[in-house]
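Down below is the structure, laid out as structure tokens.
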2 protein chains.
Amino acid sequence: MTERQTHHASVVAEYLIAPDPQQARLTRPVKGRDHTGALVELSVVEERPLTIYLNRQEIVTAMTIGDYPEYLALGFLRNQGMLHPQDVVTGVDYDEELETVVVRTEVETTYEEKLQKKTRTSGCAVGTVFGDMMEGLEGVKLPEAEVRSSWLYALAHKINRTPSLYLEAGAIHGTVLCQRDRPLVYMEDVGRHNAVDKIAGWLQSTGTDVSDKILYTTGRLTSEMVIKTAMMGIPVLVSRSGFTAWGVEIAQDLGLTLVGRMRGQRFVCLSGEHRLVRDMDPADVPTEDSRNRRKGAR
Amino acid sequence: MTERQTHHASVVAEYLIAPDPQQARLTRPVKGRDHTGALVELSVVEERPLTIYLNRQEIVTAMTIGDYPEYLALGFLRNQGMLHPQDVVTGVDYDEELETVVVRTEVETTYEEKLQKKTRTSGCAVGTVFGDMMEGLEGVKLPEAEVRSSWLYALAHKINRTPSLYLEAGAIHGTVLCQRDRPLVYMEDVGRHNAVDKIAGWLQSTGTDVSDKILYTTGRLTSEMVIKTAMMGIPVLVSRSGFTAWGVEIAQDLGLTLVGRMRGQRFVCLSGEHRLVRDMDPADVPTEDSRNRRKGAR
């Protein structure tokens, strides 16, 4: 192994699930011509439709890179409040050829009942999804975890150095489930919401305790990202990117710790400041190496 | 006026619609604490729900910064193939308090009929929207316009220097309708699809000819972006960002000229190379000034 490979192997060893940028079906070589007119071949991320069913009910067609379809389906349904913690999942069946995944529950969920009622008047579930999501958050009380700035700096450093589809092919978002200064599960997808939903599906499948977890994302902190994090019960959400006013407002209402614009030694805590312990002098944080600097997907 | 203001005024003068970053309702001051623990106040973009109706049919709730709701609604319905060129729009009514916009047509559109039939079996329109979009593209023939590399360089230069919400507050996407080397209509929104839909709504409202237009976006070139551009009949789509394999494939199928990763003197043409004339030596393109370098929304 070269020095770089050894370094990568030691970074990846910490993860339970790390990105697999070499997996053949996630990227495709695409030919083009550059600014000089020269032929170039680029490695480009795939984007495939995946239709998610809840029992016999078609719910949505998501555009995804295509890894972990079962986690994506489970997590999507869970984060949208369509699947409740008390629903017993009896199977998650992925059909690669049909590009479908069916989540089966022991009994018909209340969501299907609700949907059937609603469609009579509104005709489409899209308009009601958001309302349902906020509904699921009434009475949510996020755990009183501690988060140290030294962990945040360590996480950013490790995640930026983890071999990923982003570094391989760009045009993709990443979300990482972390515990203290350790990144555990790193999911990527063409849409930042899919990456988060895959984390939610993994949490649901493994029954992992979330009270001491931190969610790190390359994407912007919009209302949907904040709501999804709170739906998972994770008390801390961190991003390299910016935020919207409503994302901040919802985080404040829910008492979620929201940290944005985390680059090098800088960050801004916008909500849930009480969980944050500044235990490291920002001057001791190494400046970001431009080669490893993530620009994020756009 | 200072030198900088004069420069901005001359850049903005070219536009029919330029961003209005000073408009009070688009941003909000948000307080936080930075990495040193110091109190900071930041200007942050708004994000509001807007529910779009087609006649009496509720279609979708979009999250938007809130400017040009009428263009957003019209453009969304048009780009989703829910509103056809032959449908006569009799009114577009925005209600700021209810956060709704209703697009009224002379006769019930075929879409509403279709939706009512589909909801009986599938229960939700989301899963069918994509199919409908591709449907609207059968037989699409994009115009044989010419696009010169000198125009692309000039557009990138001007757009990067245009005062915008992005430069003011970040965390936002921009899409610009252009003609030759002139930017005409610059729309921004929290979601890149909304920015494109607002352009489509403007085109629909003004009846502007699209055959010689170029669409420039800060966002990634995904399948949806390519499909929306083709739905508008615009033959050229350009971005600073990357692309997905399927976005490229659809552009090639439709014969759309797709240019990605446009930064400084570099770009890659991935499809529709026949429209592109490389009339400028890339060595003559000034390198990007880091102060004006856009990092895009994530």
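Things to note:
- Label zone (A:H274, point 7 Å along Cα-to-C-beta; backbone nitrogen cut-off 16 Å) within region A:206-236: A:235-236.
- Chain A - share of DSSP beta bridges that are antiparallel (%, nearest 5): 70 percent
- In order along region A:165-182, the Karplus-derived 3J(HN,Hα) couplings, from 6.51 cos²θ - 1.76 cosθ + 1.60 at θ = phi - 60°, round to 4, 4, 5, 6, 9, x, 6, 8, 10, x, 9, 10, 7, 10, 9, 6, 9, 10 Hz, and Gly and Pro are given as x.
- Within 10 Å of the Cβ of each residue in A:260-270, the mean number of Cβ atoms contributed by other protein chains is 4.
- The other copies place their A:G255 label points at 6.2 nm from this one, listed shortest first, where each point is 7 Å from Cα along Cα→Cβ.
- Length released on extending from A:R182 to A:D95, taking residue separation times 0.36 nm less the Cα-Cα span: 27.9 nm
- Extension gain, A:D281 back to A:D34 (0.36 nm per residue minus Cα-Cα distance, nm): 84.5 nm
- Listed cross-link partners A:K31/B:K213; A:K213/B:K198; B:K158/B:K198; A:K31/B:K228; A:K158/B:K198 are compared with a 32 Å cut-off, the Cα-Cα value being larger for A:K213/B:K198; A:K158/B:K198.
- Sorted from nearest, the other copies put their B:R182 label points 6.2 nm away, the label point being 7 Å from Cα in the direction of Cβ.
- Shielding by partners, peptide B:26-39 (average Cβ within 10 angstrom, other chains): 6
- Rg/Rh for the protein assembly as shown stands at 0.94; both radii use Cα atoms, and Rh follows the Kirkwood definition.
- Amide H contacts of A:F267 (H built 1.01 Å from N, in plane; Pro and chain starts excluded): B:H35 sit under 5 Å, all sequence-distant by 5 or more or on other chains.
- Put a dot 7 Å past the Cα of B:D212, heading toward its Cβ, do the same for A:N55, and the two dots end up 6.0 nm apart.
- Shielding value for B:161-173 is 2, the average number of Cβ atoms from other chains within 10 Å of each residue's Cβ.
- Rounded to the nearest whole Hz, the Karplus-based 3J(HN,Hα) values (6.51 cos²θ - 1.76 cosθ + 1.60, θ = phi - 60°) of region B:88-99 follow the sequence 8, 7, 9, x, 10, 10, 9, 10, 4, 6, 7, 6, with x at glycine and proline.
- Anisotropy class of region B:147-284 from Cα gyration tensor, a/c 1.5 cut: rounded
- Shortest-first distances to equivalent copies, position B:V140, nm, label 7 Å out along Cβ: 3.6
Since every read-out is calculated from the coordinates, none of them should be taken as a lab result. No experiment lies behind these values; they were computed from the predicted model shown. Counting neighbours? That spans all protein chains shown, and the Cβs are built from the backbone with ideal geometry, glycine included.
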